[in-house]
Amino acid sequence: MEAKDLWKQQIEQLLLEVEQQIQLHEDDLFVIGCSTSEIIGEKIGTAGGLEVAEVLFGPFQAFAERNKVHVAFQGCEHINRALTMERKTQKLYRYPEVSVIPVVRAGGSMSAHAYTQFQDPVVVEHVQARAGIDIGQTLIGMQLQPVAVPIRVSTKQIGEAVVTIANTRPKLIGGERAFYG
């Protein structure tokens with residue numbers, strides 16, 4: 001099996017597991033951090049390419065459409081991990097737009113590819129997503145609502161990249177006499 005076919009199969013399986021374990025609601029925001037360098041077995045930020053992003057983008061879009069959620073692709077540290085999304089998502093959540101266009105060497109291949117595929121792309125500085133996927137240790141935690149909860153899945157890697165899935169839950173407040181439904 002060719003590597004690209006394997007990556008596509010792995011991401012599709014992973015996203016099915018996410019759907020089984022996380023109850024997503026319509027219009028939830030789902031953040032995606034993805035190091036294409038790590039997928040091909042190289043150090044994050046050193047060897048990424050659009051060909052890897054092209055393989056993964058379709059399954060991510062299909063996931064978003066099936067679940068009626070919005071996706072945001074986290075860029076790399078060169079753009080301070082800013083996120084690429086559709087303008088309708090940015091407007092729905094009222095996130096301020098920033099002036100940058102992600103490219104392969106300054107923004108990351110996945111974010112750069114998403115920018116070219118979205119109908120009306122924008123970039124925002126930060127979000128508070130309901131859940132997310134981190135492929136290659138891109139550190140999406142800063143983009144999640146508190147409180148993040150790790151989700152275990154059988155698909156532990158995409159290519160050579162380690163995968164981490166996170167859900168969030170509301171904060172538990174009120175102490176020992178509080179009731180949590």
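Every number in this text was worked out from the coordinates using simple rules, so none of it is lab data. Treat the numbers as computed from the prediction; the structure is a model and nothing was measured. Because the Cβ atoms are built from the backbone with ideal geometry, glycine has one as well, and the counts that use them run over all protein chains shown.
Show the residue pairs that are 6+ apart or on different chains and have beta-carbon atoms under 8 Å apart, the first residue being within the range 150-165 and under 22 Å from residue 129 (Cα atoms), the second being of a type in the set (A, V, I, L, M, F, W, C) and part of a loop (DSSP other than H, G, I, E, B).
151/22; 163/153; 165/22; 165/153
Assuming residue 27 fulfils every condition listed in (1) under 22 Å from residue 123 (Cα atoms); (2) surrounded by 13 or more Cβ atoms within 10 Å (Cβ to Cβ); (3) out of contact with any Asp or Glu (no Cβ under 7 Å at 6 or more places or on another chain) apart from one, which condition is it?
Of (1) under 22 Å from residue 123 (Cα atoms); (2) surrounded by 13 or more Cβ atoms within 10 Å (Cβ to Cβ); (3) out of contact with any Asp or Glu (no Cβ under 7 Å at 6 or more places or on another chain), only one is false for residue 27: (2).
Looking for whichever is outside any loop (DSSP other than H, G, I, E, B), closer than 20 Å to residue 152 by Cβ and either charged (D, E, K, R) or touching a strand residue (DSSP E or B) at 6+ places or on another chain (Cβ under 9 Å) (or both) here; the options are 19, 65. Which one fits?
19
Of the residues 32, 44, only one is touching a residue at least 40 places away in the same chain (Cβ under 8 Å), among the aliphatic types (A, V, I, L, M), in a loop (DSSP other than H, G, I, E, B) and touching a Gly at 6+ places or on another chain (Cβ under 8 Å); which?
Criteria check complete, one pass: 44.
Test residue 68 against the stated conditions and say whether it is among the basic types (Lys, Arg) and over 23 Å from residue 148 (Cα atoms).
no
Is it true that residue 144 is out of contact with any helix residue (DSSP H, G or I) (no Cβ under 8 Å at 6 or more places or on another chain), touching a residue at least 24 places away in the same chain (Cβ under 8 Å) and under 18 Å from residue 35 (Cβ atoms)?
So residue 144 fits the description; yes.
Can you tell me which residue in the range 58-74 is surrounded by the most Cβ atoms within 10 Å (Cβ to Cβ), limited to those that are out of contact with any Phe, Trp or Tyr (no Cβ under 9 Å at 6 or more places or on another chain) and either among the acidic types (Asp, Glu) or closer than 18 Å to residue 140 by Cα (or both)?
74
Tell me, which strands (runs of 3 or more DSSP E) lie completely within the range 110-181 with 2 or more residues that are surrounded by fewer than 14 Cβ atoms within 10 Å (Cβ to Cβ), touching a strand residue (DSSP E or B) at 6+ places or on another chain (Cβ under 9 Å) and not small (Gly, Ala, Ser)?
Correct list: 148-151.
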